Amino acid sequence: MGWTPPSKFIVTLTALTMVLGIFILLDMHGLIWDSFLPDITIETYNIWLIIALVLFFLTWFLFYLGVRLKGI
């Protein structure tokens, strides 16, 4: 099975999900600016951290699918 380059759509979509995940992480820790995302927690878990981790997983998974499957 050969390697197929991902389409421009997949590359753009994965770049957007990665940028959004990085933005959420930077906003959570307030390294660059004051946080303007509301503080949403369930017990001790920060929901924004979970959303950022899901976005990083989606970035990897979508790019993997874009490379492995033809026509995406």
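A few comments on the model shown:
Table: residues versus (1) touching a residue at least 12 places away in the same chain (Cβ under 8 Å); (2) of a type outside the set (Val, Ile, Thr); (3) part of a helix (DSSP H, G or I); (4) touching an Asp or Glu at 6+ places or on another chain (Cβ under 8 Å).
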site	(1), (2), (3), (4)
Pro5	yes, yes, no, no
Thr12	no, no, yes, no
Thr17	yes, no, yes, no
Phe23	no, yes, yes, no
Ile32	no, no, no, no
Pro38	no, yes, no, no
Phe56	yes, yes, yes, no
Lys70	yes, yes, no, no
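- The residues on offer are Ile32, Ile47, Ile10, and the sole one that is modelled with pLDDT of 80 or more and in contact with a helix residue (DSSP H, G or I) (Cβ under 8 Å, 6 or more places away or on another chain) is Ile10.
- Subset of the stretch 1-23 (residues that are in contact with a Leu (Cβ under 7 Å, 6 or more places away or on another chain) and within 16 Å of Ala52 (Cβ to Cβ)): Thr14, Thr17, Leu20, Gly21
The values are calculated or read from the model by the stated rules, or taken from the named source; none is laboratory data. In this text, all values refer to a predicted model and were calculated from it rather than measured experimentally. Using ideal geometry, Cβ is built from the backbone for each residue, glycine included, and neighbour counts are taken over all protein chains shown.
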